[in-house]
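Engineer: One structure, as structure tokens, below. Some questions next.
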Amino acid sequence: MSVLNILWQIVFGLCAGTIVAAGLFTFIATLGIVTRLSQVTRTAAWIHWYENSFILGGILGNLMWIFNISVPTGAVGLAISGLLFGVFTGCFIGAIAEILNAFPIFLHRLNLKTGIALFIAALAVGKFIGVILQYFGRIAIL
């Protein structure tokens, strides 16, 4: 691989990653997800840590993707990172749903007055079972 090719990949990767990350961060900031997450968790004093973590995670993830960097953590590290990724994804989806009032609109259309907590728990359990089945290869991925 020539030096020019490597430099082109670096420039292209950084530009593409920067554009995607800027779009994601703009989406997060516009919806007020970080602010709402800090309000719900009563950690508004630490909001700058949330914002810096989002930015640093985007930059480090981009660099690790471009340079194909892997961290040999073994099964324990994989389990911990999987748990943390799941917590982040769950918080992110929950914040988006709350900001956009997805659940109230959906529950109003279903005309559901009681059992809302059971409905949300069923969604979470269904998602968990789907992930476990997919992980162990029992269902096909489309």
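Engineer: If you check Val76 against the conditions, is it over 30 Å from Leu7 (Cα atoms) and either among the hydroxyl-bearing types (Ser, Thr, Tyr) or at pLDDT 85 or above (or both)?
Structural biologist: yes
Engineer: So, in segment 93-105, of the ones that are free of Cβ contacts under 8 Å to residues at least 60 places away in the same chain and closer than 23 Å to Ser38 by Cβ, which residue ends up farthest from the chain's Cα centre (by Cα)?
Structural biologist: So, considering only residues that are free of Cβ contacts under 8 Å to residues at least 60 places away in the same chain and closer than 23 Å to Ser38 by Cβ, the one farthest from the chain's Cα centre (by Cα) is Pro104.
Engineer: Another question, if that's okay. Does segment 38-51 hold any residues that are surrounded by 11 or more Cβ atoms within 10 Å (Cβ to Cβ) and within 24 Å of Thr18 (Cβ to Cβ), and which are they?
Structural biologist: Ile47, Trp49, Tyr50, Glu51
Engineer: Restricting attention to segment 53-96, and to residues there that are hydrophobic (A, V, I, L, M, F, W, C) and assigned to a loop (DSSP other than H, G, I, E, B), which single residue is surrounded by the fewest Cβ atoms within 10 Å (Cβ to Cβ)?
Structural biologist: Result: Val71.
Engineer: When both residues are 6+ apart or on different chains and their Cβ atoms are under 7 Å apart, which pairs have a first residue that lies in segment 128-142 and is within 16 Å of Ala79 (Cα to Cα) and modelled with pLDDT under 70, and a second that is not aromatic (Phe, Trp, Tyr) and not in a loop (DSSP other than H, G, I, E, B)?
Structural biologist: Close Cβ pairs satisfying both conditions: none exist.
Engineer: Taking the condition of being among the aromatic types (Phe, Trp, Tyr) and closer than 14 Å to Phe67 by Cα, how many residues in segment 1-37 meet it?
Structural biologist: If we filter segment 1-37 for residues that are among the aromatic types (Phe, Trp, Tyr), which is where we start, we get 8, 12, 25, 27.
Right, trim to closer than 14 Å to Phe67 by Cα and you get 8, 12.
Within segment 1-37, residues that are among the aromatic types (Phe, Trp, Tyr) and closer than 14 Å to Phe67 by Cα number 2.
Engineer: I'd like to know if segment 105-115 contains one or more residues that are surrounded by fewer than 11 Cβ atoms within 10 Å (Cβ to Cβ), assigned to a helix (DSSP H, G or I) and not hydrophobic (A, V, I, L, M, F, W, C).
Structural biologist: Scanning segment 105-115, I find at least one residue that is surrounded by fewer than 11 Cβ atoms within 10 Å (Cβ to Cβ), assigned to a helix (DSSP H, G or I) and not hydrophobic (A, V, I, L, M, F, W, C), so the answer is yes.
Residue-wise test of (1) in contact (Cβ under 8 Å) with a residue 24 or more places away in the chain; (2) closer than 28 Å to Tyr135 by Cβ; (3) within 17 Å of the chain's Cα centre (by Cα).
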{"site": "Leu14", "(1), (2), (3)": "yes, no, no"}
{"site": "Arg36", "(1), (2), (3)": "yes, no, yes"}
{"site": "Ala45", "(1), (2), (3)": "no, no, no"}
{"site": "Gly77", "(1), (2), (3)": "no, yes, no"}
{"site": "Gly82", "(1), (2), (3)": "no, yes, yes"}
{"site": "Leu107", "(1), (2), (3)": "no, no, no"}
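Engineer: Right, here's the next one. Return the residues of segment 19-37 that are β-branched (Val, Ile, Thr) and either exposed (fewer than 13 other Cβ atoms within 10 Å of the Cβ) or modelled with pLDDT of 85 or more (or both); say none if nothing qualifies.
Structural biologist: Residues satisfying the conditions are Ile19, Val20, Thr26, Thr30.
Engineer: Same structure again: On the given criteria, is Ile47 over 30 Å from Val11 (Cβ atoms) and either at pLDDT below 80 or among the hydroxyl-bearing types (Ser, Thr, Tyr) (or both)?
Structural biologist: no
The values are calculated or read from the model by the stated rules, or taken from the named source; none is laboratory data. Everything numeric in this text was worked out from a predicted model, so none of it was measured. Positions of Cβ are backbone-derived with ideal geometry, glycine not excepted, and every protein chain shown enters the neighbour counts.
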